[in-house]
Every structure is written in C-alpha cells, then in structure tokens.
Amino acid sequence: MYALIGTWKMSLKGISEGGQLLKEGSPAGDAVACAVMDVEANPAFVSVGYGGLPALDGQVYLDAGYMDGNTLTCGAVLSVTGIASSFAAARGLCGRKTNWMLTGEAARKFALSLGVKECDLRTKESMARYEEAMRTFNPGDPLTAYRGHDTVCVLGLDETGRMVSGTSTSGLFLKEPGRVGDSPIPGCGYYCDSRYGAAAATGLGEDIMRGCLSHECVRLMRQGMTAQQAAEEALRDLVEKKLSIGEDKGSMSLITLAPDGSFGAATTEACFPFAVATPDGPCLYTCVPGEKGMEIRAADPDSVPD
Ligand code: GLY
C-alpha cells in the first residue's frame, strides 16, 4: 500500500505527481518533497514559498518542517528568507543528531550549502498586495489565517511502510518579522511515527501550537483510533477548550494518515479541501463539518475554489 495526502486544492498537482513516484517505488520522502516543492515554486499560492505574502517589513520569511516516521528524526527551518525551497533545507537537516532546527541566516546558509537556489521570494503581485494592505494597517489589528489555503502539509506512506510528514509556509500575511507558527515545530504543525500514523495541521499557528495537534492525532491513533476519529477528536477537544474560555473556535484544519493507508481530516472551516493519491489514483476531497462529525466527500476540482 502507498498513500500521499496534502492540504488544500493547491496540493493536488504535486500530490498526483508524488503519487506516481510512490507507484513506481520511490521512497515516501521523495514523494512528499515532490508535492511540497511543487506548491513552493508556484507564485499563484501566496501562503507558501515564492510569491508568499510578506511580513510587516516587506520581506518574506519561510518556515518548514520534515519528519521521518521510521526514526523519529526531524529537520526544520524557521524564519528563513532568500531561498527557493525552505522544505529542501528542512529535509536536508533531518537525520542530524543535534542542530536540526535552524533559524534565519544560519538556515539560509545551510540551504545554500545544499545547493538550494537563492531566490527573491517577492513578486510584483505580492508586493502590490503588501503595499495596498499597509495603507490601512493598524498595529494591533488581529492577524487571521488565510482563507482557502495556508500551509502546504503533506503526509506520505511508501510500500516499505515508511511514513513521512512535511510542511512549508510563508506564515501569516503582515506577521511581525521573527514570528514563527506551528509549521516548523514537530508535534504542532506535523508529526509522524510509522508504527502509528502521521498528521499535520494548517491554519492559525498560534492556536494549533496550544493543542500540539499533530502529536495529539498520532497519540490517539496509537491508542486505537482510526485516522478519521483521531483528527476529529484532537480538533474537537481543543475547540471545546477554546469555547469554554470564551474564545471563538479558531481557524484550524488537520490531515491524518494511518499505516494501512486510510486517511482522515477535520476542520473548523466551512469547507477544507485536501488531495489524496493512492493506488486508486489521485482525488480531491472536501471535509465539511456536519451534524454528526466531519463529512468527507470526493470533489470535482473545478467546483472547488483555490
Ligand atoms: N499555519 C501557519 C502559520 O501559522 O504560520
């Protein structure tokens, strides 16, 4: 069995290509890299990589994480700028015993040493949106998660049973320089243990980190829950806590993958699209909160907005 699952409609093309790699026997890490880096390189997706929307100072800062579920080793880069792929740098750090989480200039230098290309991540379109937003920006305005897309998170399972998780994001539009969200933090934005399953989160990092949501999903799978039950329960518990202290439910979505290739999703959004590739082929799904839990349905990509 093999499977690849990615957040948002923007991951569909890379998930299809990564699924083909898994079909041909490639390792899960290569399939996850294929899917994440396809989104990073596309300036149409303004929450990830090239074309990502800038921080308050007009610069684009990237966060990325990678975890190998066979060894529980991780790599992560935080607040790095000027490189084409933060994911490649995070993956390159995975396997180190120490120094596997690097920030800023150290992360950039490491990426360049790997051969990751230098890249001005700003585009004409992203800078126009930045300048427009800055005209009305007031310090203290609450920052919100993107609508319709956010972090690209990808979970992979290959024929050997290895599970891998990866993330990449430019973080919140108009964040403070130096702000880091959940995406590069193991247990929060992603987690993976090939014995029990993999999980990743997208949405407002400040909320996701409070529930360590990705680790929580894998912990629940370890206790016997299915991938779908784990995603729903991890999210339900944090949302219940937030509501009990007078907060709103927030903006958070989860994907999960079990070692048998079954998958799950949960969201606080009205509709959360995600892409899956299995031996049955690639497919876009939507996750919609319903009366009795999350409703997961195959969707026509043309009917799902980007
Ligand atoms: N989930 C992405 C972020 O909050 O930065």
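Scanning the range 39-50 for residues that are away from the ligand (no atom under 16 Å from the Cβ) and either open to solvent by less than 30 Å² (accessible area, probe 1.4 Å) or touching a residue at least 40 places away in the same chain (Cβ under 8 Å) (or both) gives ALA41, PRO43, ALA44, TYR50.
Among the residues of the range 100-111, at least one is β-branched (Val, Ile, Thr), within 16 Å of the ligand (Cβ to nearest atom), open to solvent by 10 Å² or more (accessible area, probe 1.4 Å) and in contact with a strand residue (DSSP E or B) (Cβ under 7 Å, 6 or more places away or on another chain). Checking GLY205, GLY166 one by one, the residue that is of a type outside the set (Val, Ile, Thr), within 26 Å of VAL304 (Cα to Cα), away from the ligand (no atom under 12 Å from the Cβ) and open to solvent by less than 10 Å² (accessible area, probe 1.4 Å) is GLY166 and no other. None of GLY29, GLY58, GLY18 is more than 16 Å from the ligand (Cβ to nearest atom) and in contact with a Cys (Cβ under 8 Å, 6 or more places away or on another chain) except GLY18. For the range 181-192, filtered to residues that are open to solvent by less than 10 Å² (accessible area, probe 1.4 Å) and either modelled with pLDDT under 95 or not in a loop (DSSP other than H, G, I, E, B) (or both), the residue that is farthest from the ligand (Cβ to nearest atom) is CYS192.
What residue, among those in the range 148-163 that are more than 13 Å from the ligand (Cβ to nearest atom) and out of contact with any Leu (no Cβ under 8 Å at 6 or more places or on another chain), is most open to solvent (accessible area, probe 1.4 Å)? Within the range 148-163, the match that is most open to solvent (accessible area, probe 1.4 Å) is THR160.
Within the range 169-179, the residues that satisfy the criterion of being part of a loop (DSSP other than H, G, I, E, B), within 9 Å of the ligand (Cβ to nearest atom) and in contact with a strand residue (DSSP E or B) (Cβ under 7 Å, 6 or more places away or on another chain) are SER170, GLY171. Tell me which residues, restricted to the range 169-180, are touching a Ser or Thr at 6+ places or on another chain (Cβ under 9 Å) and either open to solvent by 10 Å² or more (accessible area, probe 1.4 Å) or of a type in the set (A, V, I, L, M) (or both). LEU172, PHE173, PRO177, GLY178, ARG179, VAL180 - these are the residues of the range 169-180 that are touching a Ser or Thr at 6+ places or on another chain (Cβ under 9 Å) and either open to solvent by 10 Å² or more (accessible area, probe 1.4 Å) or of a type in the set (A, V, I, L, M) (or both).
Number of residues in the range 269-306 that are of a type in the set (Gly, Ala, Ser) and under 21 Å from the mean Cα position of the chain (by Cα) equals 5. Before we move on, is ARG147 assigned to a loop (DSSP other than H, G, I, E, B) and either at pLDDT 95 or above or over 30 Å from LYS23 (Cβ atoms) (or both)? Taking the combined requirement at face value, the residue satisfies it. Kindly indicate whether any position in the range 211-231 is at positive phi, in contact (Cβ under 8 Å) with a residue 24 or more places away in the chain, buried (at least 24 other Cβ atoms within 10 Å of the Cβ) and more than 10 Å from the ligand (Cβ to nearest atom). The answer is no; no qualifying residue exists.
Only residues that are within 23 Å of GLU291 (Cβ to Cβ), part of a strand (DSSP E or B) and in contact with a helix residue (DSSP H, G or I) (Cβ under 7 Å, 6 or more places away or on another chain) were counted across the range 256-280, and they come to 6.
The values are calculated or read from the model by the stated rules, or taken from the named source; none is laboratory data. Everything numeric in this text was worked out from a predicted model, so none of it was measured. When we count neighbours, we look across all protein chains shown, and the Cβ atoms used for this are built from the backbone with ideal geometry, even at glycine. With ligands, DNA and RNA removed, areas are computed over all heavy atoms of the protein, side chains included. Shrake-Rupley method; radii C 1.70, N 1.55, O 1.52, S 1.80 Å.
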